[in-house]
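Data first, discussion second: the structure below is written as structure tokens.
Computed from the coordinates by the stated procedures, all read-outs in this text should not be read as laboratory data. Just so it is clear, the model here is predicted, and its values are computed rather than measured. In this analysis, Cβ positions are derived from the backbone assuming ideal geometry, glycine residues included, and neighbour counts consider all displayed protein chains.
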Amino acid sequence: MKGKLAAVLVVPLLLGVVAAEAHGVRYTTARVIAVEPVYRTVIVETPVTACRQEIVERRVASGSVGGQTLAGAIVGAAIGRQFGDGSGRDALTLIGAVAGSAVANERAIRRQGGAVTVIREPVERCTTRIRRRSERQITGYWVDYRHRGRIYRVLSHEHPGSHVRVVLRS
């Protein structure tokens with residue numbers, strides 16, 4: 001298996017070298033003298049969430065008004081059912097139930113003297129803001145290398161290491 005994998009990797013490389021030499025292109029390596037990174041500044045955005053606890057007040061009627069509200073809904077539905085026909089009858093039944101429960105609930109609360117209980121509950125409130133910061137990123141490298149007694153400079157996308165590949169011209 002390793003032999004097949006090596007053949008699959010080496011054959012295209014050899015074909016590339018043969019094709020390059022068929023066109024009169026030959027390569028050699030040159031020693032790198034200096035490497036200078038090329039930077040660009042980018043803005044990096046990071047979401048930052050901050051949460052805090054708040055106390056929220058909710059007012060509810062004291063005592064039980066659920067039974068009276070349910071009774072009002074039943075009476076309202078019965079009255080609404082008396083009017084209309086077909087699908088209109090169903091709609092009037094629903095409207096009567098809602099109206100009857102609202103009226104009965106309001107009357108029950110008034111009978112109790114309008115007594116209301118205040119419930120305080122902690123609620124978490126969160127906000128998210130975007131934090132922006134500038135960051136320098138390497139986009140390439142200026143590479144100085146010596147070849148045949150002369151110094152050359154080329155821009156590379158990758159760090160070259162100690163040697164670079166150079167095209168020999170005939």
message: Here is a list: Arg133, Arg111. Which entry is more than 47 Å from the chain's Cα centre (by Cα), farther than 30 Å from Gly24 by Cβ and of a type in the set (Lys, Arg)?
response: Arg111
query: Just wondering, is there one or more residues in segment 106-119 that are in contact (Cβ under 8 Å) with a residue 60 or more places away in the chain and not basic (Lys, Arg)?
result: yes
field: Tally of residues being of a type in the set (D, E, K, R) and in contact with an Asp or Glu (Cβ under 9 Å, 6 or more places away or on another chain) across segment 130-165
entry: 5
